[in-house]
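Participant: Before anything else, here's the structure in question.
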Amino acid sequence: MILTLALALSASATFAKDIKTLKLTTQPVMHCESCETRIKSNIRFEKGVKNIETDIPSQTVTVTYDADKTTPAAIIAGFKKINYDAVEKKDNGAAKAAKPADSHRPSAPKK
């Protein structure tokens, strides 16, 4: 009995899934319930996706996925299939792939 329990516990530890969370923003931006539905109903079919949460006010899509079955790049590619560009968000809310605006424009020559 104890041996069976020990084997069952070790088997469950061996097959533990590597569940991760990915936060994204999209372009075009989500602005209505239809946008949320389109994203949720399509991205859920991407391999390894476990859960999708959308938040229109923060323009965030949170995808929970099995890292043994997919990657962030594959999930982002799934957005392209439905004509959205997705960019991973940093913890502070800024998009990782976004580049800072060029604030150093050459000034016009003085006359």
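Participant: Let me check against my output: what whole-number percent is the relative contact order of the range 25-88, with C-alpha pairs under 8 Å and at least 6 apart?
Facilitator: Working: 79 pairs, mean separation 24.6, N = 64.
Worked out over the range 25-88, it gives 38 percent.
Participant: Could you give the C-alpha radius of gyration of the range 25-88 expressed as a fraction of 2.2 N^0.38 Å, taking N as the number of residues it contains? Intermediate results must be reported in sequence, preceding the final value.
Facilitator: Numbers: Rg = 10.7 Å, N = 64, 2.2 N^0.38 = 10.7 Å.
My calculation over the Cα atoms of the range 25-88 gives 1.00.
Participant: Take residue 85 and residue 73, extend 7 Å from each Cα along the Cα→Cβ direction, and tell me the distance between the two endpoints in nm.
Facilitator: Spacing of the two 7 Å Cα→Cβ label points: 1.9 nm.
Where a number appears in this text, it was derived from the coordinates with a stated rule and is not lab data. From a predicted model like this one, the values you see are computed outputs, not experimental measurements. Here Cβ is always computed from backbone atoms with ideal geometry, including for glycine, and neighbour counts include all displayed protein chains.
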